[in-house]
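Before any comments, here is the structure.
The values are calculated or read from the model by the stated rules, or taken from the named source; none is laboratory data. Worth saying up front: this structure is predicted, and the values here are computed from it rather than measured. Reconstructed Cβ throughout: ideal geometry from the backbone, glycine too, with neighbour counts over all protein chains shown. The protein model used for the area step is the full one, side chains on, heavy atoms only, and it has no ligands, DNA or RNA in it. Shrake-Rupley method; radii C 1.70, N 1.55, O 1.52, S 1.80 Å.
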Amino acid sequence: MNDILSVNHLSIGFDHSYGHTSVIDDISFNIEKGQTLCIVGESGCGKSLTSLAVMGLLPSGGRIHDGQIVYKGQDISRKSQKELSEIRGKEISMIFQEPMTALNPLHSIGYQVSEVLRVHQKVSKHEAKEKAIEMLRLVGIPSPEKRFAQYPHELSGGMRQRVMIAMALICHPGLLVADEPTTALDVTIQAQILELIQNLKSQFDMALLLITHDLGVVSETADKVVVMYAGQVVEYGDTKELFTEPKHPYTKGLINSIPKMDEDTEVLPTIKGSVPSPDEMPMGCRFVTRCPFAMEICSKIKPPKITDGHEVHCWLYSSEDVKGENPSVDKV
Amino acid sequence: MGEPQLQSETVNRVQINPLRKKRNKSYSKLMKNKLAVCGGIFVVLLVVLAVFAPLLAPFDPTKQNYGQILKPPSATHWFGTDTLGRDLLSRIIFGAQVSLKAGLISVGIALTIGIPLGMISGYFRGFWDEFIIMRVTDAMLAFPSLVLALTLAAVLGPSLNHAMIAIGLVFTPYFIRLARGEVLAQREREYVSAARASGLRNFSIMMRHVFPNILGPLIVQATLNVASAIIAEASLSYLGLGTQPPTPSWGAMLAEGQGYISQAPWISIFPGLFIFLAVISINVFGDGIHDWLDPKLK
Amino acid sequence: MLLYIARRFFLMIVILFLVSIMVFGLINIIPGDPASLMLGQEATPQALASLRQNLGLNDPLYLQYIHWVGGVLQGNLGYSLSDHTPVLNILLSKIPVTLELTIFAFLLAVLIAVPAGIISAVHKGSVWDYVTTVFALSGVSIPAFWLGILLIYLLSLTLGWLPPSGYVAFAQNPVRNIILMIMPSIALGIRLSAQLTRMLRSSLLEVMQSDYIRTGYAKGLLEKAVVFKHALRNAMLPVLTVAGLELSSFLGGAVITETIFAVPGLGQLIVNAILTRDFPVVQGAILFMAFAVVIVNFLVDIAYSLLDPRISLGGASK
Amino acid sequence: MLIKSETPEPEKILEVKDLKKFFDIKQGFVGLGHQTVRAVDDVSFFVNKGETLGIVGESGCGKSTMGRSILQLQKPTDGSVLFEGIELTKLKNGQIRKLRKDIQMVFQDPFGSLNPRITIGTMLREIVNTHHVVNKTESKSYVEELLEQVGLKKSYYDRYAHEFSGGQRQRISIARALAVRPKLIVCDEAVSALDVSVQAQILNLLQKLKKDYELTYLFISHDLSVIKHVSDRVAVMYLGQIVELASKEEIFEHPLHPYLRALLSAIPLVNQPKRERIILSGEVPSPINIPEGCRFHTRCPFAKDLCKQKVPAFEQKKDGHWAACHFA
C-alpha cells in the first residue's frame, strides 16, 4: 500500500427541505506518497467540494452519502469533528483560492502561522515564533521577522498565499490540498507560487491534491489527473498519457477549446451548450446533452468504466456492442 | 477598477449556496414565515379596527359615565372602564385610528423628503453630498430622536398633527442615509456603468434602473419605521405633547392609567398591550418582507 | 493612525458646529417669536419687550448665534426662566443621575446580549436560538413606558420586591440607590440588549460563513477556538458601531424611563422644562445630549481603529 | 510620433494621445497625507478601423481604467481621445450620451452587469428607443432579432437576468452593446469570468459579429492566449503604461520587452515540453509609488544601472514594433 490517500466510490449530496440533491456521484482516485494529483473541471463540476470532503469541511447541509476517504490506511470520512481536528493542519493541510479573504484580518500574520503549531505541538510561545519565522522565510517572504507582526491587509495577494502555504506546511503534513491556489493571482505571481509549491513538495516529501480549472497548470504540475464533469469522473489517468491521448469527448473538447499560443485558428472548437442544472441532470451519461457523439444508450444508462491505458467513463469505448452502432472513435 | 476576477469556484459557490440556504431555511425559516404571516394578519386586523371603528366599538369612546368609573373588565366592558367611566375597549378601537394614522403619515413625510434627497445625494456625490447632506444628517442623528421630536412638538404646539410632523422630520435623516447608502452600493454595480455606457439619461438610470433595486430595503425600513413611529406618537402622547384629550390615544390612555395602577391596572395594561402587539406584528411583518426579498436579490 | 484620529476629530468639530446651529435654530428660526413662545400667549407687551432686550433678540440672527456660542464656550448656557438659576448648574446636578442610569442599563444590555447572541448564532435553529429570537423581537417592540408600568405593577405592587419609584443619591445611601435603579435600568436596557443580541447574532452568523473561519477549521482548530479566537472579534466590530449609534436613542429612552420612575435626571429635566416652556433649559439639555452622542461616537471610532488593524492605514493599501 | 506605414494608410477610428487617469486618495483633512494613484500614466496608441487591438496586462496595470477613460465613463485627468476625429474629452455630458451610439462596451462580470429587476427585452428596447435606432413600433421585433443574432432565442425577451447562465448573460451583454449598431466596442475582460468551453463560444461569437457588422474591437484581457486569438495588433501594459506594441505575429514571435517575455514564459501550457521559464522576482509596485527610471526595473532579471536612472523611451525598435526598454 503506497497510497497516502485513496478516495473510493465517494458520493456527496445536499439535504434540504424538499429532498436531496446529489452533487458528487461515485468518484474514486488515489494519490501515492509524494505524488501530485490534479482534479480538473469547469465551475460547478464538484472538484472543490471533493477537496473540502477530504478535509471534512463540507458546507452545512452537505453530507457524504457513500464511499470512503482513506488516509494512511484509515477511513477519515466517518470521523467526528474532534478527531478530524487532530488530522487537519497536521496530517492534511489545505490552501484556498482567495488569499485575500482566507486570513483573519484582525490577527497578525505571526499569530495565525504560529497558532497551528501551538494547536498541534506542545511548543512554547517563543519556540513557536521562531519556527514560524523560519517557515515564513522558507516560503520566500522577505524580512520575515518584520512580517511576523504585520496584518494580512499589509500584504499583497501573492504574499498572503505564501503565508497560507507557510501555515499549511508548518507541521509537515503528508498531504497538501490546494483548491485553485493561483486562480486569483496574476500569471507572473502564479508562476512563483507554483514553483514554490513544487519545491516544498519535494523538500517535505508530501503528496499534493491540486484542484484547478486550468489545463495548462495540470499539464505542467500533475503526475495524475482526474477530469470531472457534473460531479462525475469522466477520465482518470497518467497526465502525459491523458493529455496526449485524451479519450472522453469532454476532455477532448476542453483541450481543444483553449485558444492556443502556438497555432492560429480562426474559429475555436467549442463544446455546445452548457452544464445542465442539478434538476435537469440526464439519467445516463451526464455529458450526453453536449456530446457530439451521443448515442441512444448514452442518455439511458450510466457509462461503464473502461480501463485501457487509463480510465475513461464513456460508451464509445465499450466493448459491448451498443445497439449495433459502433462509431469510429478516431473521428472524435 | 475592475480587476479580472477569474473563473471557477466563485461560480461554484454560487451554485452551492442556494442549496445551503434552503437547508437552513427548513425549520427556522418556516417558523419565521409563520410569524410573518401572523404579524401580517394582526396588521390587517388593526387596519380593519381603525377603519370600521365606529361600527365595531360597542360604546362611544368619549362618552363619560360617572356611574361606571374604574370598573374592572366584565361582560359589558371587556377591558373595563377608565377614570371617567369611558369604555376602554371602545377607546382602544378608536385609538388604533390615531396610532395607524400617526405611523403612516409621519413615515410618509420622512419618505417623501428623505428618499429623493438621499438618492440624488448618493447618485451625484460631490460637494453637496459630502459636506452638506452627510454632515447635516450626522448632526441630526446626534439628537436623541424622541427628545428632538418632543422639542419640535413643543415648539409647534401640542397636537396630533404637529406630533406627526415632528416625528416625520426626525425620521427623515434615516431615510436619507438609507437611500444614499443603497444608491452608492448600486452605483458600484456594473449594470449602472453598463446603463451609462449605453447612453441612457441619468434621470432614467436613477428611476428605471437604480430605484427598483433599492426599493426592497426602503420598503423594509419604512415598515419597521411605522412601528417606531407608533411608539414615538404614543410616547409623545404619554408625555402630553401628542394627541390631545378627549381623542383616545393609546399613549395618553396609558399615562392616565399610570396613577391608578394599583387600583385599576387594566387602564394602563390594555393600551400598552395593544401598542406592543401592533409594534411587534409590524416588526415581524417587516422582517418577513426582508427575508422574502432577500434571496431573490442575492 | 494619528492621521485617522485627526480626521475623525475634525469631522467631530464640524458636526458639533452643525449641532449647535440646529439647537440654536430650533428655538429661534421656527415661526413665532421666541420671547412669546417662552412667556406664553398671555404675556404683556412690556414683558415681551424686556425679554427681547435681555436675550438680544433685536440683533441680527448671526450675531445672536455668535453671542450664544460664545456664552456656551465659556460655560454660560443662560438662565432658567422658572427659577433663574444658571442652566449649567442645573445640568451639572442632573448629569450624574442620568449617567448612572445609562451605565447600569448599558451593562445590563451587554451582559444579556453577548452570551445570548453567541449561543443563538452558534446553535442556530436550536431551542435557545428560538428563545433568543423571541426575546429580541419582543425587546425591540415593547414600549419603554409600558414595560416600566408593568415592572412597577409586578415587582413592586404585586410582589413587593422593589420600591416603585424614587431616587436616592449614591453618596447618601449606596444600597438604596442601587435598589432604586434596578427597575429603571431594566426598562431602559432591555431594548438595547434586544438590538445588540440581534446584531451580534446576524453578524456572527455572517462571519462564520467567511473564508478565514474555514481556514481556522482547516488548521485543526476546534469550534470553540474558532468562535472565540477568530469569529467573535470580527463579529463585534459592527456591533460596536451600532452600540455607539444607539446611544442617541438610549438617551431618548432615558427621558421616558426617568419620567416613569421619578428619577431626577436629564430626561425628567427636559420633559419638565418642555412642559413649563423653560426653553433655555431645554436648549442647554439637548445641546448637552447631542454633544455627548457626538463625542461618544468619536470615541467609538477610535476604539474601532484600535480593534481593526485595517483602519490605521486609512484605506491606502501597501 | 505615430507609426508611418508604407501601405495605403488604414483609417484610424480611435486615437489616444498622452492619456492620463489619476485617482486621489484623500487621507487626512486639508490635503494632509494626500496620495495619487497613477492608474493610467501617459498612454498613446491608435486603433484602425476594422481591426482588433488587444490590450494585455496583469491586474492593476490600468487597462480597465484606460478602457473606461476612453469611453468617458471616468473623466481622464489629461490627454486626448479622438474618435473619428472628434475630441471626446472635451464633450459635454449630453454629447457624450449621443456618442454612445458609436462606442460601446462589453463588461466582465456577467452577473453584475445586468439589472436584476428588468427583463432583458425591456432593457434592450430602452436603449434602442433612447438612441432612436429604429422606429418605436419596430423596436420589439428589432430586439428579438438582436437576441437571435447573439445566439439566444426570441422567447427570452421577457426573461430576467437571473434566469440565464453566465455564458448566456454574456451574450445578452453583447446584444446590449450591439443594439445601437456601434462602430467600436471596448471589450473589458469580456470572457474572463467564463469557463473555457463557454469562453470559446463567446470568442467565436465576437469574431462572427465583427465580420458581420464591420466592427472594431478594443479587447482588454489579462489572458495572453485569448489576446493572441482575437487580436490583430497587441499592446502590453505594465503599471499604467504601454511597454510594447506590435502586430500579433511580430509581438508573439519576437517579443522585445523582458516583461512580455516573462509573461509568455509564465503561462502554463498544455502538452508543451518544459520551457526555460523567466520567473519574475517580487511583485508589481503600487501605482502610488512608481519606481524611478524604468518602471519594470524592480522585477526585471536583466536590469542594469541605467534602468534605475533613466526612463526608457517608448520608441519604434523595428518597423511597427514599439517598445519601452533600453536594451531591447
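General remarks:
- Share of pairwise Cα separations in the protein assembly as shown, more than 48 Å, in percent: 43
- Cysteines (scope chain D) whose Cβ has no counterpart Cys Cβ under 4.7 Å: D:CYS61, D:CYS187, D:CYS300, D:CYS325
- Annotation: amide H-H contacts under 5 Å for D:GLY54 (H modelled 1.01 Å from N, sequence separation of 5 or more, or interchain): D:PHE219, D:ASP232, D:ARG233, D:VAL234, D:ALA235.
- A convex hull fitted to the Cα coordinates of segment A:246-331 yields 121 cubic angstrom per residue.
- Convex hull volume of the C-alpha atoms in chain B, normalised per residue: 166 Å³.
- Summed side-chain charge close to D:PHE164 - residues other than D:PHE164 whose Cβ falls under 14 Å, Lys, Arg +1, Asp, Glu -1: +2
- Expressed to the nearest 5 percent, the antiparallel share of DSSP beta bridges inside the protein assembly as shown is 65 percent.
- Of all lysines in the structure, the ones whose alpha carbon falls short of 23 Å from that of B:LYS63, not counting any fewer than 8 places away in one chain, are B:LYS71, B:LYS101.
- Qualifying GluC sites (Glu not before Pro) in segment D:275-328, where qualification requires a DSSP coil assignment and no more than 13 other C-beta atoms within 10 Å, comprise D:GLU276, D:GLU292.
- Accessible surface of D:THR65 - all protein chains present, 1.4 Å probe, nearest 10 Å²: 0
- Accessible surface of A:LYS302, taken over heavy atoms with a 1.4 Å probe and every protein chain present, rounds to 80 Å².
- Only beta bridges with both residues in segment D:170-328 are counted; by DSSP, about 70 percent of them are antiparallel.
- The C-alpha atoms of chain B define a longest principal axis, and helix B:30-51 lies at about 50 degrees to it.
- Stokes-Einstein D for segment C:96-275, Kirkwood Rh over Cα pairs, 4 °C, 1.567 mPa s (µm²/s): 73
- Greater than 20 Å apart at Cα, pairs in A:LYS260/D:LYS248; D:LYS98/D:LYS136; D:LYS49/D:LYS208; A:LYS247/D:LYS274; A:LYS272/A:LYS305; D:LYS183/D:LYS210: A:LYS247/D:LYS274; A:LYS272/A:LYS305
- Segment C:GLN172-C:ALA6, extension gain: residue separation times 0.36 nm, minus the distance between their alpha carbons: 55.6 nm
- Under-5 Å amide H pairs with D:GLN241, H placed in peptide plane, nonlocal only: D:ASP41
- With both labels modelled 7 Å from their Cα along Cα-to-Cβ, the C:PHE228 to B:TRP78 distance reads 5.3 nm.
- For A:ILE4, residues with placed amide H under 5 Å, excluding near neighbours: A:ILE31, A:GLU32, A:LYS33
- Averaging the sequence gap over all C-alpha pairs within less than 8 Å and six or more residues apart, then dividing by the number of residues, gives chain A a relative contact order of 19 percent.
- Cα-derived Rg over Rh, computed across segment A:165-251 with Rh taken as Kirkwood radius: 0.99
- The angle between the Cα long axis of helix A:187-204 and the main principal axis of chain A comes to about 80°, on a 0 to 90 degree scale.
- Per-residue Karplus couplings for segment C:44-53, computed as 6.51 cos²θ - 1.76 cosθ + 1.60 with θ equal to phi - 60°, are listed in order as 6, x, 4, 4, 4, 4, 5, 5, 4, 4 Hz, Gly and Pro entered as x.
- In sequence order, segment C:13-21 has phi-based couplings of 4, 4, 5, 4, 4, 5, 4, 5, 4 Hz under the Karplus curve 6.51 cos²θ - 1.76 cosθ + 1.60, θ = phi - 60°, and Gly or Pro positions carry x.
- With coordinates expressed along the principal axes, the C-alpha atoms belonging to chain D extend over 68, 58, 45 Å, beginning with the largest.
- For segment A:3-228, radius of gyration divided by Kirkwood radius, i.e. Rg to Rh on alpha-carbons: 0.96
- The C-alpha atoms of chain C define a longest principal axis, and helix C:127-141 lies at about 10 degrees to it.
- Sequence of B:PHE59, A:PHE14 when ordered by accessible area, the most exposed leading, probe 1.4 angstrom: B:PHE59, A:PHE14
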